[in-house]
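The values are calculated or read from the model by the stated rules, or taken from the named source; none is laboratory data. The model shown is predicted, which means the values in this text are computed figures rather than measured ones. Positions of Cβ are backbone-derived with ideal geometry, glycine not excepted, and every protein chain shown enters the neighbour counts.
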């Protein structure tokens, strides 16, 4: 017999259920409701154990039936096994796909196909029905193309499992046929409770139960004839369907409203009224709103904090237990994770009732990384993912040191199998030995498995090898057991719960892998890919770690009773009720079209909306004392969000209900003093406002006194009064810190170092005082290429310069060398320099070989342009890498300050002595350097002027200073004839290498440097016009007196800079010129914490 009992949410259906149960009973509930149903049974029955009552889900009922009647020995494939098999099927049938071709490797698409096939099976639809449906649609219909591809995939899947395996969705049909043979069913009364909707397969099971069990009792939430009649249309449809089914099966049935004596009496009047009016049309206005709170929050964090304060108040002030409070939020990913963090600040452990992926569990990462490294080679990223799982013998210190070495010297591929050789001189002997031992341990982890795994041919063989390696060689089960215990000891109970399950899950996946394609041959790479696809689809559910814990779940997933207080977060449009679900194969228009044709192959959006609406009604009606609902006016990115229609509805029902601000926005200090850690943040903010001139609330004065007694206020004070102002170093400390052991009294610096100090004293202090070790990657980067360009230009220039022969002499090699001779010499130079460069860096691989080829091409172009510059000018002598300093042919620059002397020593890339004896300085650069007079005067750009001062030796007159930029020209081929392209490239190369700097405005000097030219010079930044020669920018040409004035200004600045250096000034004061600041390429930005908001942090604007 079928009996259907129904009632509104003002009826205590749980009490009615357990009052009605007599004798041997099976209680059938949804999967996620079994634990709560058992708790309810203990509560209402007042028993310490359940003898004649068993709580089961529909799937669990199937296991019991098959265990009793037999027929359950067929290998099962669940959602995860199906995902793996679909991955393989899609890869094999790529060419047969139509509209979905190109998506076959995307995991999101495979997941959608998996879910759709699951839904099709729940609705009893097979490939044949899809093909028939597709055939009835027009040829151009988009839906036809979709169904054609899906039916192809579905058909292949069914063919693969036919006669060998059973899909878990078909499992229901299997045991449904066995129900009539079950003595357990024949001896038990069936109660069905907690369902709002049923799939066709579930209805089939209950139909079979009606025929076999003495009595089937169904409890539903429903009402008839009320103002909210439309709310119960879903459950009315279900009742009608079951009554029709009973008629078909000739089973007696009856419908009965649950008696009024089960009406809940201890509920606050306002919440009881909400149950009646929430979806009523029209809704009555209610005056009593006690127990209902609406909160408008500024953002997610304020919303979560308001909720945490409310929970704390309910527990602390009203004496509620955590298990009597439930939190609901339909945004578990963003708001849920924020709430968990905020609640922890309030000292509350919040359990998020949601499923989570195991893909990032250490065991999964270990397994997948092992397969990846074994099949695709020693890829460094995957190798260290494996090591960092903590499931290998290496310590964290060993792993970090090994990773730093591998990154620096780019250890990859088979190099892991060979002893380390590079950089041995950079490490202490004991560290070098440890690095080599760590490498050997890594190889010992991978190689034995790789060798054995390669011998396996079929999937079954490979899985057996993998299992033996994980279980026996690695001892993974015991390591996971140890990890779980450690997680429990440290209070990470949710992580421990996941770790406890993961080994069993991995073994289930491997078992299904064998069942699906065990005898097939599969490449090692494909093996890993399919296994990863299976693991990506797995989500595990966790049980709350405590019986009295606080739980947050979604509106649909949450099942609870005896709730005294409910907090609903995220009552925003699109969340409450929830908007359209995740992406699906069929869009809602297509589902609606099929529904209108009375074709039921999957759940339509209208049904989902009805389920969500019913869930909102049931949950909001559940609490007996307090209902607290909040919404945020902005999302995590600060975009505006709107409140839910539920908020509007509540304000309409309760005209006197006032929407409160969140506790942060309320401006009340008292409400913010809640928990020790959380209050500290708000106290800090109040003290900061006081420092800005605001009056400190007496509550905060008292609170500050309490924290002072607890010894926790010192950190706040340090933060509030923090400045980034650096104190001067003592002079003796400066000398001890900066001086080299070989130096006597004077401090010696290079021009580049002095320029660095001038640009930012603190950066200089870190670089030359603290001297942190810079991580250098063993690769061909900008610095390495710059070194090689520089070396090549130096060597070719030295070769061209003959001792005793003036550069501008007709027989000088500068004047006579051919382009072919130059290229041949450069080829020899590049070969010599790159052979053995940084332990063979330039010969490592194809990338480095390509870079060497480009290096040769660019050096050929640049060198010929350099020769052209020399030939067109009038240079008598050229000196390369000219050193100046003590013991050198050119004396150092001595700067006398009040604090002592500073010696400036260095090396000049190139010193040209012109025909008239003047000095020209050239500095080779690979960047985008531009000389600016103001920058030189302010100390932002000093090197060229210092080089000139040294080279003049207080005797020679200046000609100019220049940057020679080494760079590859960029030419657009658009609108250029092929025959003119080479000429265009040559022109652009000359333009790209035009020197930038300043020079004395003297016709003879200009002629000696730039030679004869018309229009713009290819050599220096000047141009010839009818009025004479002018600079192409400001201060490119300076009168003799003006040039001397610039030198004098720079000299004074140098004296000032040297005085600051010796006096111990290490201010965080970067110079800034236009958009360029000293911070742009600084390596120490993470150390200085430069922020304009801090006192002591400011730019020196040029």
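Screening the candidates 397, 447, 403 for the property of being exposed (fewer than 15 other Cβ atoms within 10 Å of the Cβ), within 28 Å of the chain's Cα centre (by Cα) and not in a loop (DSSP other than H, G, I, E, B) yields one hit, 397. For residue 594, state whether it is closer than 30 Å to residue 136 by Cβ and surrounded by 15 or more Cβ atoms within 10 Å (Cβ to Cβ). Considered against the rule, which asks whether it is closer than 30 Å to residue 136 by Cβ and surrounded by 15 or more Cβ atoms within 10 Å (Cβ to Cβ), residue 594 comes out as yes. Restricting to region 102-141, what's the tally of residues that are surrounded by 13 or more Cβ atoms within 10 Å (Cβ to Cβ) and either touching a strand residue (DSSP E or B) at 6+ places or on another chain (Cβ under 9 Å) or assigned to a helix (DSSP H, G or I) (or both)? The total comes to 21.
Criterion applied to 997, 1031, 1011, 1007 was being in contact with a helix residue (DSSP H, G or I) (Cβ under 6 Å, 6 or more places away or on another chain) and surrounded by 15 or more Cβ atoms within 10 Å (Cβ to Cβ), and the one residue passing it is 1011. Scanning region 1073-1091 for residues that are surrounded by fewer than 18 Cβ atoms within 10 Å (Cβ to Cβ) and touching a strand residue (DSSP E or B) at 6+ places or on another chain (Cβ under 6 Å) returns no hits.
Are any of the residues in region 188-198 over 52 Å from the mean Cα position of the chain (by Cα) and at pLDDT 90 or above? Yes.
Checking each residue in region 676-686 for being surrounded by fewer than 19 Cβ atoms within 10 Å (Cβ to Cβ) and under 12 Å from residue 348 (Cβ atoms) picks out only 677. On the stretch given as region 862-876, residues that are in a strand (DSSP E or B) and over 18 Å from residue 923 (Cα atoms) total 1. Just one of the listed residues (879, 896) is in a strand (DSSP E or B) and touching a strand residue (DSSP E or B) at 6+ places or on another chain (Cβ under 7 Å), and it is 879.
Looking across 275, 263, one residue alone is more than 30 Å from residue 677 (Cβ to Cβ), in contact with a helix residue (DSSP H, G or I) (Cβ under 9 Å, 6 or more places away or on another chain) and at pLDDT 90 or above. It is 275. The residues of region 61-101 that are outside any loop (DSSP other than H, G, I, E, B), modelled with pLDDT of 85 or more, over 31 Å from the mean Cα position of the chain (by Cα) and closer than 19 Å to residue 155 by Cβ, listed by number, are 89, 92, 94, 95, 96. Scanning region 311-357 for residues being in contact with a strand residue (DSSP E or B) (Cβ under 6 Å, 6 or more places away or on another chain) and farther than 21 Å from residue 546 by Cα gives a total of 4.
Residue check: is residue 234 modelled with pLDDT of 95 or more, crowded, with 17+ Cβ neighbours inside 10 Å and touching a helix residue (DSSP H, G or I) at 6+ places or on another chain (Cβ under 9 Å)? Spelling it out, it is not the case that residue 234 is modelled with pLDDT of 95 or more, crowded, with 17+ Cβ neighbours inside 10 Å and touching a helix residue (DSSP H, G or I) at 6+ places or on another chain (Cβ under 9 Å). Considering 566, 552, the condition of being under 18 Å from residue 494 (Cα atoms), surrounded by 19 or more Cβ atoms within 10 Å (Cβ to Cβ) and touching a strand residue (DSSP E or B) at 6+ places or on another chain (Cβ under 6 Å) is satisfied by 552 alone.
Checked against (1) surrounded by fewer than 20 Cβ atoms within 10 Å (Cβ to Cβ); (2) within 25 Å of residue 113 (Cβ to Cβ); (3) within 36 Å of the chain's Cα centre (by Cα), residue 586 meets all criteria but (1). Determine if region 48-57 includes at least one residue that is in a loop (DSSP other than H, G, I, E, B), in contact with a helix residue (DSSP H, G or I) (Cβ under 9 Å, 6 or more places away or on another chain), touching a residue at least 40 places away in the same chain (Cβ under 8 Å) and farther than 29 Å from residue 196 by Cβ. So far as region 48-57 goes, no, none of its residues is in a loop (DSSP other than H, G, I, E, B), in contact with a helix residue (DSSP H, G or I) (Cβ under 9 Å, 6 or more places away or on another chain), touching a residue at least 40 places away in the same chain (Cβ under 8 Å) and farther than 29 Å from residue 196 by Cβ.
Could you say whether any residue in region 283-296 is touching a residue at least 40 places away in the same chain (Cβ under 8 Å), surrounded by 21 or more Cβ atoms within 10 Å (Cβ to Cβ), at negative phi and within 34 Å of the chain's Cα centre (by Cα)? Within region 283-296, one or more residues are touching a residue at least 40 places away in the same chain (Cβ under 8 Å), surrounded by 21 or more Cβ atoms within 10 Å (Cβ to Cβ), at negative phi and within 34 Å of the chain's Cα centre (by Cα). Evaluate region 720-734: report whether one residue or more is in contact (Cβ under 8 Å) with a residue 12 or more places away in the chain and farther than 30 Å from residue 1054 by Cα. Yes, some residue in region 720-734 is in contact (Cβ under 8 Å) with a residue 12 or more places away in the chain and farther than 30 Å from residue 1054 by Cα.
Applying the condition of being outside any helix (DSSP H, G or I) and either under 41 Å from the mean Cα position of the chain (by Cα) or surrounded by fewer than 22 Cβ atoms within 10 Å (Cβ to Cβ) (or both) to region 940-963 and asking which residue is modelled with the lowest pLDDT yields 954. Being closer than 25 Å to residue 34 by Cα, surrounded by 16 or more Cβ atoms within 10 Å (Cβ to Cβ), in contact (Cβ under 8 Å) with a residue 40 or more places away in the chain and in the same structural domain as residue 375 (by TED's automatic domain parsing): is that true of residue 494 here? Yes: the conditions hold for residue 494. Test residue 430 against the stated conditions and say whether it is without any contact (Cβ under 8 Å) to a residue 60 or more places away in the chain, assigned by TED's automatic domain parsing to the domain that holds residue 477, part of a helix (DSSP H, G or I) and surrounded by 13 or more Cβ atoms within 10 Å (Cβ to Cβ). Taking the combined requirement at face value, the residue does not satisfy it.
Taking each residue of region 634-650 that is in the same structural domain as residue 304 (by TED's automatic domain parsing) and looking for partners that are in a helix (DSSP H, G or I) and surrounded by fewer than 17 Cβ atoms within 10 Å (Cβ to Cβ) with beta-carbon atoms closer than 9 Å, six or more apart or interchain, yields 635/334; 636/334. When residues of region 792-824 are filtered for being assigned to a helix (DSSP H, G or I) and surrounded by fewer than 18 Cβ atoms within 10 Å (Cβ to Cβ), how many remain? Adding up the residues that qualify gives 11. Just to be sure, is residue 319 surrounded by fewer than 23 Cβ atoms within 10 Å (Cβ to Cβ), out of contact with any helix residue (DSSP H, G or I) (no Cβ under 9 Å at 6 or more places or on another chain) and outside any helix (DSSP H, G or I)? Answer is yes for this residue.
Quickly run through region 527-548 and pick out the residues that are touching a helix residue (DSSP H, G or I) at 6+ places or on another chain (Cβ under 6 Å), assigned to a loop (DSSP other than H, G, I, E, B) and surrounded by fewer than 21 Cβ atoms within 10 Å (Cβ to Cβ). Selection gives 542, 545, 548.
Across region 900-935, the number of residues qualifying as surrounded by fewer than 17 Cβ atoms within 10 Å (Cβ to Cβ) and part of a strand (DSSP E or B) comes to 2. Before we move on, is residue 26 part of a helix (DSSP H, G or I), within 27 Å of residue 255 (Cβ to Cβ), in contact with a strand residue (DSSP E or B) (Cβ under 8 Å, 6 or more places away or on another chain) and at pLDDT 90 or above? Taking the combined requirement at face value, the residue does not satisfy it.
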